[in-house]
1. Could you tell me whether segment B:70-78 includes any residue that is at pLDDT below 95 and either of a type in the set (Ser, Thr, Tyr) or within 27 Å of A:Met53 (Cα to Cα) (or both)?
2. What number of residues within segment B:133-152 are under 20 Å from the mean Cα position of the chain (by Cα), assigned to a helix (DSSP H, G or I) and of a type in the set (A, V, I, L, M, F, W, C)?
3. Would you pick out the residues in segment B:265-288 that are under 26 Å from the mean Cα position of the chain (by Cα) and in a helix (DSSP H, G or I)?
4. If you check B:Ala391 against the conditions, is it of a type outside the set (Lys, Arg) and surrounded by 19 or more Cβ atoms within 10 Å (Cβ to Cβ)?
5. Would you pick out the residues in segment B:327-342 that are touching a strand residue (DSSP E or B) at 6+ places or on another chain (Cβ under 6 Å) and buried (at least 19 other Cβ atoms within 10 Å of the Cβ)?
6. Does segment A:209-237 hold any residues that are in contact with a Cys (Cβ under 9 Å, 6 or more places away or on another chain) and either assigned to a loop (DSSP other than H, G, I, E, B) or farther than 24 Å from A:Thr257 by Cβ (or both), and which are they?
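The values are calculated or read from the model by the stated rules, or taken from the named source; none is laboratory data. Treat the numbers as computed from the prediction; the structure is a model and nothing was measured. Heads up, the Cβs are rebuilt from the backbone with ideal geometry, glycines too, and the neighbour counts pull from every protein chain shown.
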Amino acid sequence: MARQSKPTMSRALQRRENIAGYLFMLPSLIFFLGFVVIPMVICIFISLTDANMNSSGQFVGLSNFIRLWTDSAFLEALKNTFVIVIVSVPTVCAFSLWVSSAIYRMKGPVLSAFRCIFYLPVVTGSVAVTVVWAWIYNNYYGVLNYIIGPKGLGLIEGRINWLGDPKYALGCIILILFTTSVGQPIVLYVSALGNVDTTLIEAAQVDGATDFQVFWKVKWPQMMPTTLYILVITTINSFQCFALIQLLTKGGQGTNTVMYHIYWTAFKLTEQAGHFGYANAMGVVLAIFIGILSAIQFKLAKEK
Amino acid sequence: MKMKKLVAAALAMAMALSLAACGGQNNSSQGSTTPPAASNPPAQSSNPAATGATEITLWTYPVGGWGEESNVQPIMDAFKADTGITVKVDYLAYGDGDDRVNTAIGANEAPDLIMEGPERLVTNWGAKGYLVDMSDLLTDTDRSEIAPAALTACTSTDGKLYEYPLCMTAHCMGINLDAFKAAGADQYLDLENHTWTTENFIKAVEALYAAKKDTVAAVFCKGQGGDQGTRALINNMYGGTFTNAEHTQYTWDDPNNIKALEQLKSMQGIVFDASLEGGDELKLMYQEILDMAFCWNIAQQLDPASAHGDPGKTIGGQEIVCMNFPSPDGTPVLQGGIWGLGIFNNGDPAKVEAAKEFVKWMCASENAAQGIKISNFFPARNTVNGTDLTAIFDGSDSGDIMKEYNRVILPNLGDYYQVTPGWAGARGEWWAMLQEVGNDQDITDSVAAHVAVANALIAG
């Protein structure tokens, strides 16, 4: 009798625990569904319509997506976005790894100081950071022109309009993005380097491995999960570059990105028929690109 | 276990309730955007019980001093004392105000009242049916007292009044007169009439550049902010136009505009600066970095760069003089600004009536004087129900400046072409075109391409 009742009680207990677990999950689930899944589905649905801001519009099939590939403004935004991703992701990863390698053996307070310095731009509001950079880049009284201009190092004659010249504007944006992106990877890499199994390093050194071989054959594989996370997060952040563009250039001078173009189409071109559906189509395309790149990164990291 | 379940249930309940609370009021009538019939009776009663609503919302763009709570709140307090209706005010910025309003419209959370100009109220939100037709508020006296140009601009082509005009001005440019004098460029100014010819403008820039060997003025083109200045400069230099007289087509590919662009591009001392908007440019003149600002008006003359410094003075105390834009014969056509109130139809007749009550109180009674005063602009009507509004600034610190501006700038007010359909998109094309001109692209091709896009936007 006792042997028969035990599984019954166990299932009841399991059920109660499951219910409790689901109830604990419920708040997060509501947010996840409400702010991620449902908007995503709505976005895909609207991208197939000619919706405007306050009207649901008619189903137009894939015509918004077809139109995207003939829209020179969108294609330019896509190109700029890829330039930002291609330049910023590797440099952020490489620089973070380099800095982390240099500081992770330092003693507590010094290491903490470095971590604070590099992490500061991350915790500072993006608007505050951007305002400071806008002042640095200012054409008329910016500190950068002052330092490299005739009154400073004398590297240039006159001034450079950093944010108003297409030769420099995108590079300036990437530099700001770089400074605000390296903080978290540095902290993560410092932590990952500290967790590398020292017995493996010592064994490799005893076997005559060079420093580079120790890094490449022992440390790097153990840091791969961290690297993958950093790659994915940095890629997504770079694809979603918006605040810097909005605050500094408004998409002008070769700095238009897909994120900014979505905002512009959805909220500024309100007089254009079907602007909401079209902006949603851009969002879907952007999500597809982010998904593809992230999948490639996962695949490569797995092979490694 | 029971405790766990209770806590879990309570957490889930709290979260669900907070989400429901975030959703706002579920007013079934809010979704309607159909304007009420034009035959609605005018709001006459000052008793809140008669209108039914005791609280309405007003979103205001920074129209002169209407952007500051210390100016606006006393007016709202006075309205409440008179009518019992509370007006909750939210202050918009030009940078993101349109986004906020458009998002609110999309979410059926638009304010009851909005303060701005016809380019937004008539051409955009009014034309799309989001605003209430206020023509029933206009009495014969109102029609005779309101400046015809203002009334026309605030009325749609099908005769609906989407903006009740309160104040107006003509945009002009500002110059640092001390810098002009130091460079000997003041000889090119007609300081009696505040006018100059295009030829003298070019000579003045040359003289200023020769004196300082640095940028004299900037054709700002980072965004649309203050673009009335660049449009007026380029249109006036050789008599070009921005739209046709019927406001059915953008015409800035006019050869006279192309000539002006080529002239500006060739001038030392003038830069096409894509890092500046109008607000940035006038601050640079206030800081004595630039010698001219193309984004200027009476509100700036009274409070340069909104820095609360001395009227008509730079940060260093140098004299700022407002000037008409240069034109071939010194007879400019200035770009106007007309501001007033519009009413969103949020589907609640009681709130619409309360909002109409406010519009009448603010724009069509003696209270208009206070609203105009804080705007630092000029009244859109010389009298309100027989009460003179032309002398409201007399005796104040700004009285003499207003009187002078009224004499030399306001009479040159030209066509209010901002009501041309597709206006928001056309503005984007304008500054994108200026950026291309600044980047040495072919001017004629660039102008033609962007005008074509702007005209395509007219069709919607």
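1. Taking every residue of segment B:70-78 in turn, at least one turns out to be at pLDDT below 95 and either of a type in the set (Ser, Thr, Tyr) or within 27 Å of A:Met53 (Cα to Cα) (or both).
2. 3
3. Result: B:Gly278, B:Gly279, B:Asp280, B:Glu281, B:Leu282, B:Lys283, B:Leu284, B:Met285, B:Tyr286.
4. It is false that B:Ala391 is of a type outside the set (Lys, Arg) and surrounded by 19 or more Cβ atoms within 10 Å (Cβ to Cβ).
5. B:Leu334, B:Gly336, B:Gly337, B:Ile338, B:Trp339, B:Gly340, B:Leu341, B:Gly342
6. Result: A:Thr227, single match.
Residues checked against (1) at pLDDT 95 or above; (2) more than 13 Å from chain A (Cβ to nearest Cβ); (3) under 25 Å from B:Cys167 (Cα atoms); (4) buried (at least 24 other Cβ atoms within 10 Å of the Cβ):
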site: B:His247; (1), (2), (3), (4): no, yes, yes, no
site: B:Ala260; (1), (2), (3), (4): yes, yes, no, no
site: B:Met267; (1), (2), (3), (4): yes, yes, no, no
site: B:Phe272; (1), (2), (3), (4): yes, no, no, no
site: B:Glu281; (1), (2), (3), (4): yes, no, yes, yes
site: B:Asp291; (1), (2), (3), (4): yes, no, no, yes
site: B:Ile298; (1), (2), (3), (4): no, yes, yes, yes
site: B:Leu302; (1), (2), (3), (4): no, yes, yes, no
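To keep it simple, each residue is scored yes or no on (1) within 13 Å of the chain's Cα centre (by Cα); (2) away from chain A (no Cβ under 14 Å).
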position: B:Leu113; (1), (2): no, yes
position: B:Gly117; (1), (2): yes, yes
position: B:Leu131; (1), (2): no, no
position: B:Asp158; (1), (2): no, yes
position: B:Tyr162; (1), (2): no, yes
position: B:Met173; (1), (2): no, yes
position: B:Ala183; (1), (2): no, yes
